[in-house]
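Remarks on the structure that follows.
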Amino acid sequence: MTRTIYILNGPNLNLLGAREPEIYGTQTLEDIREMCAARADALGFAIAFHQTNNEGELVSLVQEASEQAAGLILNAAAYTHSSIALHDALKSCTIPAIEVHLSNIFTREDFRHHSYVSPAVTGMICGLGGQGYLLALEALATWRKA
Ligand code: DQA
């Protein structure tokens, strides 16, 4: 059985650290990658960590994860609120998937309250900053379908 968890990050998350730090904090995406690699290692998993600004590439990575990974963590960023293609890719995904957002999307603008990702994933974590990724890793490491 594969012991790799895919962690996929959507548009503008490459700017973390500098981007609206009052909302997203000061951790960079590389800080989050390092934290995730260490926690995954402790849990007996490897990670495949990606960021892309391209919707089609994100769809292809979800398809790749479904074929090659034990689980998927996805922060689709703004595509969360717009992408039916991503929704469809997740509906075809055969591994457990967790949606993560650094900020609490429900306390922000109305257009962030709707997610095309949520109805197609196993679970969702938001509002806990980078720690959300670690909680998602722990959930996937022990997840069993009820
Ligand atoms: C985000 C929330 C989204 O609404 C936003 O477009 C992002 C980041 C988050 O992690 O809080 O780019 O996914």
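Read-outs throughout are calculated quantities, based only on the coordinates presented, and are distinct from any laboratory measurement. This is a predicted model, so every value here is computed, not measured. A quick note on method: Cβ atoms are made from the backbone with ideal geometry, for glycine too, and the neighbour counts reach across all protein chains shown.
Structure notes:
- Residue with peak Gaussian network fluctuation, the chain [Cα springs, cutoff 10 Å], from GLY17, GLY129, GLY44: GLY44
- Its relative contact order, with pairs defined as Cα atoms under 8 Å and 6+ residues apart, puts segment 3-145 at 27 percent.
- The residues neighbouring GLY127, those whose beta-carbon lies less than 14 Å from its own, together hold a net charge of +1 under the Lys/Arg +1, Asp/Glu -1 convention.
- Of all the options ILE32, ILE73, ILE23, the one that moves most in a Gaussian network model of the chain with Cα springs shorter than 10 angstrom is ILE23.
- Where trypsin sites (Lys or Arg not before Pro) fall in DSSP loop in segment 1-88, at most 16 other Cβ within 10 Å: ARG3, ARG19
- Converting phi to 3J(HN,Hα) with the Karplus coefficients 6.51, -1.76 and 1.60 and the offset θ = phi - 60°, segment 5-13 yields 10, 7, 10, 10, 10, x, x, 6, 6 Hz in sequence order, with x at every glycine or proline.
- Cα extents of the chain along the three principal axes, largest first (Å): 40, 31, 29
- When the chain is treated as a GNM with alpha-carbon contacts under 10 Å, the residue of ALA48, ALA120, ALA77 showing the greatest mean-square fluctuation is ALA48.
- Shape category assigned to segment 26-105 from the gyration tensor of Cα positions, a/c cut at 1.5: oblate
- Segment GLU22-ALA78, length gained on full extension (0.36 nm per residue, minus Cα span): 18.4 nm
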